[in-house]
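Peer 1: Attaching a single structure in structure tokens format; questions to follow.
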Amino acid sequence: MELLEGSELCFPQLLNTSCRKTVRPQSAAMLISILLSFISLLTATLNLLVIISISHYKQLHTPTNLLLLSLAVSDFFISLLMLLQIMLIDGCWYFGDVLCAVYYVSDYVITSASIGTMVLISVDRYLAICDPMHYSTKVTQQRVKICVSICWVCATVFHTVRFKNNLKQVGRFNSCVGQCVLVIDYAAGLSDLILSFIGPVTVIVILYMRVFVVAVSQAQAMRSHIIAVSLTVTRTSVGVMAKKSELKAARTLGIVIVVFLICLCPYYCVTLTGQEAMINASSAVFIICLFYFNSCLNPLIYALFYPWFRKSIKLIVTLQILKTDSSQANVL
């Protein structure tokens with residue numbers, strides 16, 4: 001009987017202090033592990049291709065692509081964190097209290113930086129479509145780099161301060177050996193919900209509604225062969241219409257943002273309603289898988305809508321990237 005009880009513990013040798021494993025059918029646990037492992041591997045591979053492509057080929061060094069690079073970096077790190085999430089399927093944490101704290105803080109920092117990058121992408125598309133005449137002067141590579149850096153620094157500082165009580169004494173809230181718990185007080189949780197979800201989503205929706213109205217108006221004007229002196233739908237664009245390529249980029253990145261919101265909304269809606277304890281294990285697993293799967297979908301969308309990404313993949317896979325001056329290759 002003792003052997004049976006010990007086999008259900010995270011650390012069988014610690015009969016009195018070890019946490020118990022989550023009771024789940026073996027087949028279900030195996031399926032979840034395989035699914036998350038596949039998503040993690042695919043996510044890491046695809047986002048690494050995006051990172052290499054934009055970093056290596058000089059033609060891709062544009063302000064918009066630098067934002068996509070930041071998004072790919074965050075998605076790549078999320079794929080690595082996914083591997084640690086697999087370890088938590090049976091409810092046991094085997095890597096110690098310090099790595100537990102690092103895991104949770106890193107997860108929140110990367111997710112917040114990813115959401116911040118989405119906001120920057122929305123601002124970029126807003127300026128490109130609604131103010132095309134001044135876009136090139138307002139949005140430069142240097143300014144984008146600064147904005148991305150600020151985004152990552154702010155996410156790091158915010159969540160480090162938010163988890164300061166947990167970081168001062170790691171593992172203080174664990175009730176048994178093998179548990180990985182970080183406690184967040186109400187004020188910190190509410191501030192995260194506002195700054196990491198409600199605020200950014202509101203900004204994204206407002207900006208893209210504006211972009212959609214202007215894009216539709218410009219498309220109608222082009223179909224009617226009308227060269228507008230000024231567009232009534234925007235005060236900032238005087239006699240200038242956005243390029244067709246900018247409209248296409250807005251559509252593609254709009255798809256990225258919609259998919260992003262679909263994948264993240266279930267997680268934050270559960271948090272917003274305070275029903276974390278009410279959902280069953282299957283629903284929790286689905287929400288987690290959907291949350292992580294978003295990081296895999298972004299490069300798939302690029303592959304479908306961006307010819308430069310397909311060309312870059314071909315050059316990378318065929319090792320032509322190793323040739324001299326390959327960074328000057330025409331991928332557009």
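The values are calculated or read from the model by the stated rules, or taken from the named source; none is laboratory data. Model, not experiment: these values are computed from the prediction. Cβ sites come from the backbone with ideal geometry, for glycine too, and all protein chains shown count toward neighbours. The accessibility values were calculated without ligands, DNA or RNA, using every heavy atom of the protein model including side chains. Shrake-Rupley method; radii C 1.70, N 1.55, O 1.52, S 1.80 Å.
Peer 1: Any idea which residue in the stretch 157-208 is most open to solvent (accessible area, probe 1.4 Å), counting only those that are at pLDDT 80 or above and aromatic (Phe, Trp, Tyr)?
Peer 2: That would be Phe158.
Here's the yes/no breakdown for (1) open to solvent by 30 Å² or more (accessible area, probe 1.4 Å); (2) within 18 Å of the chain's Cα centre (by Cα); (3) within 21 Å of Gly189 (Cβ to Cβ); (4) at pLDDT below 80:
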| residue | (1), (2), (3), (4) |
| --- | --- |
| Arg251 | yes, no, no, yes |
| Pro266 | yes, yes, yes, yes |
| Val270 | no, no, yes, yes |
| Glu276 | yes, no, yes, yes |
| Ile279 | yes, no, yes, yes |
| Ser282 | yes, no, no, yes |
| Pro299 | no, yes, no, no |
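Peer 1: Across the stretch 286-297, what is the number of residues that are farther than 15 Å from Ile257 by Cα and either touching a Pro at 6+ places or on another chain (Cβ under 9 Å) or open to solvent by 40 Å² or more (accessible area, probe 1.4 Å) (or both)?
Peer 2: Residues flagged as farther than 15 Å from Ile257 by Cα and either touching a Pro at 6+ places or on another chain (Cβ under 9 Å) or open to solvent by 40 Å² or more (accessible area, probe 1.4 Å) (or both) within the stretch 286-297 amount to 3.
Peer 1: Taking Ser106 as the residue in question, decide whether it is surrounded by fewer than 13 Cβ atoms within 10 Å (Cβ to Cβ) and of a type in the set (S, T, N, Q).
Peer 2: In short, no.
Peer 1: Return the pair list, or none, for Cβ contacts closer than 6 Å from residues in the stretch 251-265 that are on the phi < 0 side of the Ramachandran plot to residues that are open to solvent by less than 40 Å² (accessible area, probe 1.4 Å) and basic (Lys, Arg), at least 6 apart or on different chains.
Peer 2: Leu253/Arg125
Peer 1: Picking from Leu60, Leu66, which residue would you name as being under 16 Å from the mean Cα position of the chain (by Cα) and under 29 Å from Ile150 (Cβ atoms)?
Peer 2: Numbers: Leu60 fails: under 16 Å from the mean Cα position of the chain (by Cα).
From the options Leu60, Leu66, the qualifying one is Leu66.
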